[in-house]
Amino acid sequence: MAVVPFLRFHTSALALLFFPLLLWAASAAGAEEAPPFRPISADDVRVNRFGDGFRIEMTMVAPVPQEVAWQVLTDFDHMARFIPNLERSAVTHRAGNRLRIEQQGKAYFGPFPIVFGSTREIEMIPMREIRARQLTGTAKSMESSMRLSAGADGTQLDYRADIVPDTYLPPLFGPGAVRREMADQFSAIVFEMRQRAATEKR
């Protein structure tokens, strides 16, 4: 279930966290049977500062059944395949609906490469919510939740994350950059949902 460097560390997704965006765009262009796709806009993402951190909130509708949305958001072992700049994503521990995952990757912001990584604890409420909490990683702290609900046009996704970055990050990485990066990541995730839904219909 998925950003500016410190958000890239977790999307994650999510963090999620949350991989290269150009590769995702190329795969989208090559999908012959994919339905028309409107990427998520940075205007869809709300970012507010609190103290030393950011609160990120966004609501989007994925035009797929809830089962497909859940499948993609919890496919932690394969997220590096469809989320830009993520190089590795793996479940390292599983106990019922609680997981521990590790993610690593590299993002570029202008000419600056940023290597990131995190270990997060995931709590899943099947088909309804995914909660994540950073255990170790590049950010000082990170907690997020993704809620799913059925709607007339597909599955509504409500995402919220509170992130406190490391102090070394330069001040130019402000709310505008956060919004753009989050929009890119969730565009890739929703595109993957659409692709899987189209495959299941065949």
Within the stretch 129-164, which residues are open to solvent by less than 20 Å² (accessible area, probe 1.4 Å) and either at pLDDT below 85 or aliphatic (A, V, I, L, M) (or both)?
I130, A132, A139, M142, M146, L148, L157, A161, I163
Among A80, A62, which is the only one that is surrounded by 22 or more Cβ atoms within 10 Å (Cβ to Cβ), at pLDDT 85 or above and small (G, A, S)?
A62
Checking V178 against (1) modelled with pLDDT under 90; (2) open to solvent by 20 Å² or more (accessible area, probe 1.4 Å); (3) among the aliphatic types (A, V, I, L, M), only one condition comes out false. Which one?
(2)
Would you confirm whether any residue within the stretch 108-118 is under 17 Å from A161 (Cβ atoms), modelled with pLDDT of 95 or more and in contact with a strand residue (DSSP E or B) (Cβ under 9 Å, 6 or more places away or on another chain)?
no
Contact list, first residue from the stretch 71-90 and assigned to a loop (DSSP other than H, G, I, E, B), second anywhere and of a type in the set (K, R) and open to solvent by 20 Å² or more (accessible area, probe 1.4 Å), beta-carbon distance below 9 Å, six or more apart or interchain, is D75/R81; N85/K106
Could you check V178 against (1) hydrophobic (A, V, I, L, M, F, W, C); (2) within 18 Å of T59 (Cβ to Cβ); (3) touching a His at 6+ places or on another chain (Cβ under 6 Å) and say which number it fails?
(3)
Taking the criterion of being part of a strand (DSSP E or B), closer than 26 Å to Q156 by Cα and modelled with pLDDT of 95 or more, would at least one residue in the stretch 37-49 satisfy it?
no
Kindly indicate which of I101, I114, I125 is β-branched (V, I, T), open to solvent by less than 20 Å² (accessible area, probe 1.4 Å) and over 17 Å from R194 (Cα atoms).
I101
Does the stretch 19-35 contain at least one residue that is in a strand (DSSP E or B) and either surrounded by 15 or more Cβ atoms within 10 Å (Cβ to Cβ) or modelled with pLDDT of 85 or more (or both)?
no
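The values are calculated or read from the model by the stated rules, or taken from the named source; none is laboratory data. These numbers come from a predicted model, not from an experiment. Don't worry about glycine lacking a Cβ; one is built from the backbone with ideal geometry, like all the others, and counts go over all protein chains shown. Just the protein is used for accessible areas: all its heavy atoms, side chains included, with ligands, DNA and RNA removed. Shrake-Rupley method; radii C 1.70, N 1.55, O 1.52, S 1.80 Å.
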